[in-house]
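Engineer: Before I ask anything, here is the structure I am working with.
No lab work stands behind these numbers, since they all come straight from the coordinates. Bear in mind that the values here come from a model prediction, so they are computed numbers and not experimental data. A quick note on method: Cβ atoms are made from the backbone with ideal geometry, for glycine too, and the neighbour counts reach across all protein chains shown.
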Amino acid sequence: MLSIADQDRQLQDKFPQFKAISLTERQGVWVGSVCPSTTAFTLRIDYELPPHLVLNAPTRDFYPHVYVVKPHLIPQPKADLGPLPHVWYGREYQGQPNLCLFHPDKGEWGYSSPIAETTLPDACEWLHSYELWLATGRWYGGGEDHETQTKDYADDVSTIRRNALSRASEIALAC
């Protein structure tokens, strides 16, 4: 398992534009900007390790949550995949949903996964796919289809599998 301090060091090494705004032994919160295609996005990453007595807790409950702080995501109510594709409602930040970057029940992310090598590149891929979706109405990011998502039954939606964009780290750093 990577500690919060280890996650912070790796984020600082690969993405120096991400700054820790809160670090404790069990929790880290980072904010920074990436520019995966035409728009610069400010992201917030919240990550909490499971309590000591439940280290075998499923990653469904303890994985990095990524939120788009600026610009806000733009829902498209009539879109085929729902107003915003591949997001989780229920754990929101400033009204923005958590990006769905991997399937939490399929072992696609684990406690030894560096956020800088998994979550952040996946978020860049998601944002690139989001921009294409806004322009075309079609989701090119891959993944498993979600049911139409509303806040009322967010816990029932299926999630996407990992489909990392090669060179996502370099794209984000070039911003």
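Engineer: Can you compute the modelled spin-label distance between Y140 and T24, with each label point 7 Å from Cα toward Cβ, in nm?
Structural biologist: Roughly 4.2 nm, to one decimal.
Engineer: List nothing, just return the count: lysine pairs in region 1-116, 8 or more apart or interchain, with Cα separation under 28 Å. It would help to have the intermediate numbers written out before the result.
Structural biologist: Details: K14/K70; K14/K106; K19/K70; K70/K78.
Final tally of qualifying lysine pairs is 4.
Engineer: Now a separate question. Tell me, what ³J(HN,Hα) does each residue in region 14-25 have, in order and in whole Hz, if you take phi through Karplus 6.51 cos²θ - 1.76 cosθ + 1.60 with θ = phi - 60° and put x for Gly and Pro?
Structural biologist: Taking θ as phi minus 60°, the curve returns 8, 9, x, 6, 8, 10, 6, 9, 7, 9, 10, 4 Hz for region 14-25.
Engineer: At a 10 angstrom cut-off on C-beta neighbours, averaged per residue, how do the peptides 9-16, 69-76 rank from highest to lowest?
Structural biologist: Details: 9-16: 16.2, 69-76: 13.0.
Going from most to least packed, we get 9-16, 69-76.
Engineer: Could you order the peptides 21-27, 120-126 from most to least packed, using the average number of other C-beta atoms within 10 Å per residue?
Structural biologist: Details: 21-27: 11.7, 120-126: 25.6.
Result, highest mean Cβ count within 10 Å first: 120-126, 21-27.
Engineer: From the Cα gyration tensor of region 1-110, with a ≥ b ≥ c the square roots of its eigenvalues, which class applies: rounded if a/c is under 1.5, or else prolate if a/b is larger than b/c, or else oblate?
Structural biologist: Working: a/c = 2.14, a/b = 1.30, b/c = 1.65.
It comes out oblate by the Cα gyration axes.
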